Amino acid sequence: MDRVGIVVGVLVVVAIGWMLYKRSRVAVAAGIDRVNPADFGFEPGAEGRTALLFSSPYCRACAHWREALEQSGVALLTVDVSVRGDLANRYKIRSTPLVLAVALHNGVVLAHYTDEPKPEEVEHMVSLLSPAL
Amino acid sequence: MKRTVDPYNDLTVIDDRAPRTNQAFIGSLALVAYLADWPWLVGILALQLAVGLTLGRRFCLPCLLYFEFLQPRIGEGRIEDSRPPRFANMIGVAFLGASTLAFIVGLSTVGWILALIVSALALLAASTGLCVGCEAYLWIARVRGLTVDRHPA
């Protein structure tokens, strides 16, 4: 009986870990509400909007985001976090892909997505980033 | 089903569902070992992980289960860098090996604590994708990367 109780305890700890992890992932993604465009090589006073894609080697979903955004013709800047560990640390990037729609004049993040791109997510990003806006 | 990577030859990458199968296998069997009071099973799990790490994926039972039985049916998952899960397996071997040693010298409480830590972390990784050993690898890699950035050759 004692052993069964301890096994139940282990499973409860796993469940709590699962909940904390899910919450932390949401918090990280939601926490990036603004970036400094200068960190990504933009001059002060830059205008327009760009997609900012944090990617890593072997990340297939990152390649899918890149492909979808390149095809749509919107401005796209890709940051490989394995090369730019400094930026990954500064913005607390814990997983890739993370794709942001950024307004360059003030660095405000207009939208963010993670995981594999869904058609409606790509459409939303493109609508935010298209030059007509 | 067409594979984009060969699981037995493209060793720098891995279908991310394979480590999760391995984690579910190790995590659940470590719990069974504790429930049934079978310390020998912990030793077998340590040996199995060590054999997979040294002799390759063809000698790792959960890898064979995934690549030969599950993957052909459910398709290929996301392809990832294989170094973080390999590092996590090394940590698993260290913990399960230490646990087995503890049983051998008569410290069964210590042995079970170590085995249950592995079980909890493996089940967490299998169910959520949060692999603590992989995160440790990425953290070390990031710190090492930063050090290189700060002190260019």
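Please treat every number below as a calculation from the coordinates, not as lab data. The shown structure was predicted, so the numbers you read here are calculated from the model rather than taken from an experiment. Don't worry about glycine lacking a Cβ; one is built from the backbone with ideal geometry, like all the others, and counts go over all protein chains shown.
Things worth noting here:
- Spherically averaged projected area of segment B:14-150 from its Cα convex hull (nm²): 9.2
- Along principal axes, Cα extents of segment A:60-126, largest first, whole Å: 31, 30, 16
- Segment A:1-104: trypsin sites (Lys or Arg not before Pro) in DSSP coil with no more than 13 other Cβ atoms inside 10 Å: A:92
- Using the Cβ of residue B:53 as centre and a radius below 13 Å, the other residues enclosed give a net charge of +4, where K and R count +1 and D and E count -1.
- Residues B:74, B:26, arranged from fewest to most other Cβ atoms within 10 angstrom of their Cβ, appear as B:74, B:26.
- For a paramagnetic label modelled on residue A:116 (point 7 Å from Cα along Cα→Cβ), amide N atoms under 19 Å away belong, within segment A:73-98, to A:95-98.
- From phi via Karplus (6.51, -1.76, 1.60), per-residue ³J(HN,Hα) for segment A:35-44 in Hz, x at Gly/Pro: 10, 9, x, 5, 4, 10, x, 8, 6, x
- Over segment B:1-57, the fraction of Cα-Cα pairs per 10 Å bin, rounded to whole percents and listed from the shortest bin up, is 20, 44, 25, 10, 1.
- A:2, A:33 arranged by Cβ crowding within 10 Å, fewest neighbours leading: A:2, A:33
- Alpha carbon convex hull of segment A:37-86, volume per residue in cubic angstrom: 64
- Normalised contact order of chain B, rounded percent, pairs of Cα under 8 Å and 6 or more residues apart: 32
- Selected from A:93, A:32, A:16 as most flexible by GNM, with chain A as the system and alpha-carbon contacts under 10 Å: A:16
- Charge sum, other residues only, whose C-beta stays under 11 Å from residue A:57's C-beta, Lys/Arg counted +1 and Asp/Glu -1: -1
- When shorter helices are ignored and each DSSP H run of at least 4 residues is given -39500 (n - 2.57), the per-residue value for chain B at 222 nm works out to -23000 deg cm²/dmol.
- Cα-based convex hull, the protein assembly as shown, per residue volume (Å³, whole number): 159
- Under the span-like rule (Cα at least 30 Å along the axis, Kyte-Doolittle mean at least 0.0), DSSP H helices of chain B: B:83-104
- Long-range Cα-Cα pairs in segment A:7-133 (distance over 20 Å), rounded percent: 47
- Candidates B:50, B:141, B:94: whichever shows maximal mean-square fluctuation once chain B is modelled as a Gaussian network with Cα springs under 10 Å: B:141
- Most mobile listed residue (B:44, B:113, B:140) in chain B, GNM with C-alpha springs under 10 Å: B:140
- Separation of alpha-carbon centers, segment B:1-71 and segment A:32-106, rounded to whole Å: 35
- Residues of type lysines that residue A:22 reaches as a straight line, Cα spacing below 30 Å, ignoring anything fewer than 8 places off in the same chain: A:92, A:118
- Between helix A:60-72 and chain A there is an angle of about 20 degrees, using the helix long axis and the longest principal axis of the Cα atoms.
- Ranked list, fewest to most other Cβ atoms within 10 Å of each Cβ, for B:123, A:76, B:61, B:96: B:61, A:76, B:123, B:96
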